[in-house]
Amino acid sequence: MTATLITVAPTGAEHEKSAVPHLPTALDELIETATACAAAGAAMIHVHLRDEEHRPTLDPGRLGEAVAALREATDLIVQLSTGGSVHDPLESRLRVLDAAPDSCSLTCGTLNFGDDIFMNPFGFMSDLYVLAQERQVVPEFELFDLGHIGALSRLIDRHGLPFGGKVHVDFVTGVPGGMPATPAALLAGVAMLPPEVTSWSATGIGRGHLPVLATTLAAGGHARVGMEDNTIYAKGQPVEHNSELVVRAARLATEMQRPPMATTSAREFLGIRAG
Ligand code: KMH
Ligand code: ZN
């Protein structure tokens, strides 16, 4: 069995700093978090930025600064979110690639997202896919629902393989409007993956976090953890630092004889361009 690629998603776009004070929203908090999570076993970081008021932002200057600072402080694979927040315009989401990350998220379909709508029309996905190929950025395909798997196949059929020749997908389970965070739903998705997919990871939002993590490790997948998806460590115990979630995932993975994947191996595993 292969080692476990651990991705940390430390911030996201949904939680309010006022409600979750330990959420890393400033650049220095992000860098401190990234450094601790790398030491705990993470190989990739999925990044959403916030502005001075802790609101989600896709400001190109801030994105460039964050990519440079993360590269300076860690050897983590830097994945920028192109999902942003549900309020970000599609053009701003495409411009994320101007910051030249190693990887970018690419969500494979529109879905209800709580009371909002997370817009991912096929034309946008297609433009982002081709732009990532041109810029030599490796996409991670976010699958929030089983129908997104069909859209992924359409993208591959139309445009060929992504840059790097690998196809890595991430099941984001438990969004109200998407697939539930249950072992059954996750395993149904894994069984439907097309042959081009070379690796998959999963995360469970909220309560389904641990069942999804355990199922993922047992079924040969890779793990995404972090406060973007889960701010409660255990009943009555809020997460105080993202590294707590990485430490737990690394411990479980090691017990499962699938220890955390080193960053250098993860770069090759995902087809990330040499730095
Ligand atoms: N914040 C969500 C609307 C991604 O990062 O690409 C989208 C999201 C997915 O988190
Ligand atoms: Zn995200």
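The values are calculated or read from the model by the stated rules, or taken from the named source; none is laboratory data. Computed from a predicted structure; not experimentally measured. We place every Cβ from the backbone using ideal geometry, glycine too, and count neighbours over all the protein chains shown.
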Open item on the list: Out of everything in segment 13-60 that is of a type in the set (S, T, N, Q) and in a helix (DSSP H, G or I), what residue ends up being nearest to Y233 (Cα to Cα)?
Closed with: T33
- [ ] Restrict the check to segment 60-77 and report whether at least one residue is within 12 Å of ligand 1 (Cβ to nearest atom) and closer than 21 Å to R224 by Cα.
- [x] no
Open item on the list: Tell me yes or no: at least one residue of segment 197-204 is more than 16 Å from ligand 1 (Cβ to nearest atom), buried (at least 18 other Cβ atoms within 10 Å of the Cβ), at pLDDT 95 or above and farther than 30 Å from R248 by Cα.
Closed with: no
TODO: Filter segment 111-131 for residues that are under 16 Å from S92 (Cβ atoms), within 14 Å of ligand 1 (Cβ to nearest atom) and in a helix (DSSP H, G or I) and give the result.
DONE: F124, M125, L128
Open item on the list: Just to verify a result, which residue in segment 35-55, among those that are surrounded by 21 or more Cβ atoms within 10 Å (Cβ to Cβ) and not hydrophobic (A, V, I, L, M, F, W, C), is farthest from N242 (Cα to Cα)?
Closed with: R50
Open item on the list: Can you find, within segment 136-175, the residue that is surrounded by the fewest Cβ atoms within 10 Å (Cβ to Cβ) among those that are assigned to a helix (DSSP H, G or I) and among the basic types (K, R)?
Closed with: R158
TODO: Collect the residues in segment 21-56 that are more than 29 Å from F269 (Cβ to Cβ), more than 15 Å from ligand 2 (Cβ to nearest atom) and in contact (Cβ under 8 Å) with a residue 40 or more places away in the chain, keeping them in residue-number order.
DONE: H22
Open item on the list: For segment 66-88: of the residues being surrounded by fewer than 24 Cβ atoms within 10 Å (Cβ to Cβ) and out of contact with any helix residue (DSSP H, G or I) (no Cβ under 7 Å at 6 or more places or on another chain), which is nearest to I117 (Cα to Cα)?
Closed with: V86
Open item on the list: Among the residues of segment 73-91, what is the count of those that are assigned to a loop (DSSP other than H, G, I, E, B), within 22 Å of A274 (Cα to Cα) and either in contact with an Asp or Glu (Cβ under 7 Å, 6 or more places away or on another chain) or modelled with pLDDT under 95 (or both)?
Closed with: 0
Task: Among (1) within 20 Å of F141 (Cα to Cα); (2) more than 15 Å from ligand 2 (Cβ to nearest atom); (3) not aliphatic (A, V, I, L, M) - the single one D88 does not satisfy - done: (2)
Open item on the list: If the requirement is being touching a Leu at 6+ places or on another chain (Cβ under 7 Å) and small (G, A, S), which of these qualifies: A151, A99?
Closed with: A99
TODO: Would you tally the residues in segment 223-260 being among the aliphatic types (A, V, I, L, M) and surrounded by fewer than 23 Cβ atoms within 10 Å (Cβ to Cβ)?
DONE: 7
TODO: Pick out the one residue from L94, L70, L63 that is part of a helix (DSSP H, G or I) and either on the phi > 0 side of the Ramachandran plot or touching a residue at least 40 places away in the same chain (Cβ under 8 Å) (or both).
DONE: L70
Task: Of all residues in segment 9-29 being more than 19 Å from E65 (Cα to Cα) and touching a Ser or Thr at 6+ places or on another chain (Cβ under 9 Å), the one that is farthest from ligand 1 (Cβ to nearest atom) - done: H22
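Does L193 count as buried (at least 22 other Cβ atoms within 10 Å of the Cβ) and touching a residue at least 24 places away in the same chain (Cβ under 8 Å)?
no
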Open item on the list: For a quick check of your reading: which helices (runs of 4 or more DSSP H) sit entirely within segment 176-275 and have at least 1 residues that are among the polar types (S, T, N, Q)?
Closed with: 209-218, 242-255, 263-270
Task: Unique match (being without any contact (Cβ under 8 Å) to a residue 24 or more places away in the chain, on the phi < 0 side of the Ramachandran plot and of a type outside the set (D, E, K, R)) among G150, G178 - done: G150
Open item on the list: Please go through segment 222-269 and give me each residue that is touching a residue at least 12 places away in the same chain (Cβ under 8 Å), more than 30 Å from G165 (Cα to Cα) and not hydrophobic (A, V, I, L, M, F, W, C), ordered by number.
Closed with: N230, T231, Y233, P238, E240, H241, N242, S243, R248
